[in-house]
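A short write-up of the structure that comes next.
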Amino acid sequence: MEHRRLGILEVSAIGLGCMGLSQSYGHQDEAASVATLHRAVDLGVTFFDTAEVYGVHHNESLLGRALKPHRDRVVIATKFGFTYDRDPQGFGEITGTDGSPANARAVAEASLRRLQTDMIDLYYLHRVDPAVPVEETVGAMADLVAEGKVRAIGLSEVSAETLRRAHAVHPITALQSEYSLWTRDVEENGVLAACRELGVGFVPFSPLGRGFLTGKVQTETLGQDDFRRRLPRFQPEHAETNRKLVAEVEAVARDKGVSAAQVALAWVLAQGPDIVPIPGAKRIPNLEQNAAAVEIALTETERARLERAFAPGSVSGGRYPASFAAMSQS
């Protein structure tokens, strides 16, 4: 597996987004989740992404158990900053944000216990709290670095201006935001350019468009507990338009003899050596397919074809419902 650098961290060129192993995309068996994590390590994946809110603590605990035998070989990223209600099944409904220094410390201490480790490799602020200056939040995260509880700090879904303010307090190792063929906002709003200006690594989440870019997702048959049922782009009035765009990905894939998922990931990887996507995978065959995308090179003609198809304005529907969209790009 190729390796890339995120600031002070060296990680596999493709990581694993672990949210779906605990929630959001339907039921997942615990034993299957552990097997997927172990197979990822076997494939050379060294970068694993979780958060306290994923399954409300369950995901961190899962990674803590499954990755403990491999701890010296892997980089674990987790996040704090959301407030949430917890339902009887252990899943949570996000209610707001809490970027207070006290919460930054309290969550880090709890995450260390759940992850069964003495240091968090990469500790992200999941969303900026509008009630707390980002400088205060990052200052508290920097204290955790000084104490040896956190190795590096990151931000998620912030603006270029917020990144610069945060970076002035303490070096930011990575910025995480949604980035894929159908979500290219960071190219237009200056976030990706700011990362490169400051030497901050960029971590795209949902590089497969939450599965839509694989061409395998049938929006009509998503389970009632599937998070994607709430997203505008997966609604019937938008999905059909977006399927026509995915047909271009599938056409390139057929010509190359690979899968649409691999083409979509290869496009993200080709955007720069400072980019490390974290696609999710609940099933081992999908994990193996994603890892193999590192070996696929797109020609300039193929990249241009895909970028024309997914030109700004071509994708139908927003990323999030209005209630959640306000928390992004603070």
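FYI, it's all coordinate maths here, none of it is from the lab. Bear in mind that the values here come from a model prediction, so they are computed numbers and not experimental data. When we count neighbours, we look across all protein chains shown, and the Cβ atoms used for this are built from the backbone with ideal geometry, even at glycine.
Summing Lys, Arg as +1 and Asp, Glu as -1, what charge do residues with Cβ under 12 Å from the Cβ of residue 59 carry, residue 59 excluded?
Numbers: positive: 65, 79, 114; negative: 30, 49, 52, 60.
Once positives and negatives cancel, what remains is -1.
Using only the alpha-carbon atoms, what does segment 132-210 span along each of its principal axes? Please give whole angstrom values in decreasing order.
Principal axes ranked by extent give 40, 24, 22 Å for the Cα atoms.
About its Cα centre, what dipole magnitude does segment 210-312 give when the only charges are +1 on Lys and Arg Cβ and -1 on Asp and Glu Cβ, stated in debye to the nearest 20? Before the final figure, lay out each step's value.
Values: 15 positive and 14 negative charges, 53 e Å.
So the magnitude is around 260 debye.
Taking Cα centroids, how far is segment 99-119 from segment 151-229 in Å?
First find each Cα centre; the distance between them is then 23 Å.
Go through 204, 223, 234 and say which Cα lies farthest out towards the positive end of the charge dipole of segment 199-244; charges sit on Cβ, +1 for Lys and Arg, -1 for Asp and Glu.
Farthest along the dipole direction, towards plus: 204.
Got a sec? Charge dipole of segment 1-135, +1 on Cβ for Lys and Arg, -1 for Asp and Glu; which of 96, 134, 32 is way out at the positive end?
Of 96, 134, 32, it is 32.
Scan segment 122-216 for GluC sites (Glu not before Pro) in coil per DSSP, keeping those whose Cβ has at most 16 other Cβ atoms within 10 Å, and list them by number. Intermediate values should be presented prior to the final figure.
Working: sites: 135, 136, 147, 157, 161, 178, 187, 188, 197; in loops: 147, 157.
In loop regions of segment 122-216 (DSSP not H, G, I, E or B), the sparsely surrounded GluC sites (Glu not before Pro) are 147.
Add -39500 (n - 2.57) for each DSSP H run of 4 or more in the chain, then divide by its residues: what number comes out at 222 nm, to the nearest 500 deg cm²/dmol? Provide the component values of the computation, followed by the final result.
Values: 12 runs with 127 residues, N = 330.
Result for the chain, helices only: -11500 deg cm²/dmol.
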